[in-house]
1. 5 Å is the cut-off here: which amide hydrogens, built 1.01 Å from N in the peptide plane, fall below it relative to residue 64, excluding neighbours closer than 5 in sequence?
2. Roughly speaking, what is the centre-to-centre gap between region 45-82 and region 90-118 when only Cα atoms are used, to the nearest Å?
3. Just flag the chymotrypsin sites (Phe, Trp or Tyr not before Pro) in region 91-148 sitting in loop per DSSP whose Cβ has no more than 15 other Cβ atoms within 10 Å.
4. How large is ³J(HN,Hα) for each residue in region 73-85, as worked out from phi by the Karplus curve 6.51 cos²θ - 1.76 cosθ + 1.60 (θ = phi - 60°), to whole Hz, x for Gly and Pro?
5. Along the Cα→Cβ direction, 7 angstrom out, place labels at residue 87 and residue 69. What is the inter-label distance in nm?
6. Which pairs in the list 53/115; 115/173; 62/101; 53/108 are over 20 Å apart, alpha-carbon to alpha-carbon?
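Just so it is clear, none of the values below were taken in a lab; they were calculated from the coordinates. This structure is a prediction, so every number in the text was calculated from the model and none was measured. All Cβ positions, glycine included, derive from the backbone under ideal geometry; neighbour counts span all protein chains shown.
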Amino acid sequence: MKSVKSVVENLEVRRLERKNLWAPWRIKYIQGLNESGDCFICYNQQNPQDDDKNLVLWRTDKSIVILNRFPYNNGHLLIAPARHIPDFDKATDEELLEMLKLVRESQKALSMAIKPHGFNVGMNFGRCAGAGLPEHLHIHIVPRWDGDTNFINVCSDTDVISQSLTELLESLKQISKEYNLPAL
Ligand SMILES: [Zn+2]
């Protein structure tokens with residue numbers, strides 16, 4: 001049974017989400033993204049010299065794996081095809097297979113680095129479904145722990161997060177080297 005505290009916390013998250021969804025500045029930001037055609041995945045893809053700064057973990061034949069700069073939880077990874085395509089319809093079988101294999105490899109690396117108790121693996125298609133970047137297909141891997149709290153707590157201190165992201169990237173890269181990940 002859910003504790004009163006967790007019910008209150010959930011209500012608080014929903015309240016904040018509603019506030020964000022309808023905040024005029026956010027709508028402008030979203031429209032701005034559409035107009036400029038900015039795609040941070042393509043930007044990262046095209047700038048390998050900045051991989052550390054851009055939190056790129058792996059580059060494979062057809063894909064790229066990035067630490068989410070705005071994580072729902074510690075260790076939130078994004079797996080995307082190198083090509084700028086919006087959905088499964090436009091992906092080749094090879095791309096689909098590689099992305100799924102990268103889900104497996106990401107779980108391996110995260111399990112060793114931060115020992116989650118579980119994972120949420122998911123995708124959002126379209127803004128209305130919660131996609132922040134609907135034009136470029138990507139899979140979210142979100143590590144979970146028993147009793148972990150909502151992402152509002154995690155994101156409340158940007159400096160702590162960006163520091164831990166850098167440390168986490170280093171740790172994941174070290175593990176990748178040691179265990180030859182990703183093994184595709
Ligand atoms: Zn793109």
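1. 80, 82
2. If you average the Cα positions of each part, the centres end up 12 Å apart.
3. 125, 145
4. Calculated HN-Hα couplings, in order: 7, 4, x, 5, 9, 10, 10, 9, x, 5, 7, 7, 10 Hz.
5. Reported label-point gap for residue 87 and residue 69 is 2.8 nm.
6. 53/115; 53/108
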